[in-house]
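Student: Sending over a structure as structure tokens; questions will come in a sec.
The values are calculated or read from the model by the stated rules, or taken from the named source; none is laboratory data. Given the structure is predicted, the values throughout are model-derived calculations rather than measurements. Here the Cβ is made from the backbone with ideal geometry for all residues, glycine too, and neighbour counts use every protein chain on show.
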Amino acid sequence: REFIANAAHELRTPLTNLQGYLEALRDGVVPPTYETFESLHEEADRLVRLARSLDSLAEGDLASGPPALIDLDLAAAVVAAVDLARPGFERRGISVTCEVRAGLRARANPDHLSQVLANLLQNAVRYAPEGGRVTIAAARGPADVLVSVTNSGEGIPAADLPHVFERFYRVEKSRDRARGGAGIGLAIVKRLVELGGGSVGAESRDGLTRVWFSVPAS
């Protein structure tokens with residue numbers, strides 16, 4: 001019941017904004033300018049992202065067993081994810097550094113891995129300041145590979161760190177909503193990583209926030 005209420009609340013905000021813009025356009029209160037249509041597009045895009053996120057959560061919740069894991073080129077998956085996210089970084093002048101050894105391999109579900117990487121990079125784009133920096137790194141341990149995404153920025157208060165992977169949790173609700181966050185992205189990361197036998201974590205200090213996850217090594 002709480003999940004449904006939270007999901008409805010997240011859907012209500014962009015829908016209300018869209019309704020307001022469309023009514024204003026209909027009544028001639030707001031001119032049909034490029035900026036107006038760009039705002040409409042942003043709200044529609046936000047709804048699409050939210051719907052996809054809810055689908056991902058539902059898929060994880062309904063999974064009847066562990067996902068199929070295959071041996072894959074983790075380094076190539078990271079590079080592909082960074083390339084997809086690069087336009088968002090470039091728009092805000094954020095520098096991206098990739099510290100992943102070529103040929104590094106792991107065992108993971110490729111679709112889940114792509115979703116996890118996309119969510120973490122999207123999170124970094126959202127919270128790094130303009131002109132900030134983001135580093136994605138990976139290192140192999142005895143039994144697993146640890147992948148981390150670190151961004152410069154305001155950081156996360158220590159009291160909030162234990163909760164950042166909870167569904168619909170926000171450090172600052174008004175700030176996150178203004179930046180397009182719904183408090184779902186990291187919950188999806190946690191769910192998908194744990195389905196594949198890995199773990200997640202986050203730390204924030206000295207103006208840097210680091211979110212990491214592990215996957216079984218090949």
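Student: Just to be sure, is L72 over 17 Å from Y169 (Cα atoms), crowded, with 16+ Cβ neighbours inside 10 Å and either hydrophobic (A, V, I, L, M, F, W, C) or at pLDDT 80 or above (or both)?
Tutor: It is true that L72 is over 17 Å from Y169 (Cα atoms), crowded, with 16+ Cβ neighbours inside 10 Å and either hydrophobic (A, V, I, L, M, F, W, C) or at pLDDT 80 or above (or both).
Student: So, one more: Looking at region 50-69, is at least one residue among the hydrophobic types (A, V, I, L, M, F, W, C), modelled with pLDDT of 95 or more and part of a helix (DSSP H, G or I)?
Tutor: Checked against the condition, which is being among the hydrophobic types (A, V, I, L, M, F, W, C), modelled with pLDDT of 95 or more and part of a helix (DSSP H, G or I), region 50-69 yields no hits at all.
Student: Quick one: in region 168-208, of everything that is part of a strand (DSSP E or B) and either of a type outside the set (G, A, S) or at pLDDT below 65 (or both), which residue is surrounded by the fewest Cβ atoms within 10 Å (Cβ to Cβ)?
Tutor: If we take residues in region 168-208 being part of a strand (DSSP E or B) and either of a type outside the set (G, A, S) or at pLDDT below 65 (or both), then R205 is surrounded by the fewest Cβ atoms within 10 Å (Cβ to Cβ).
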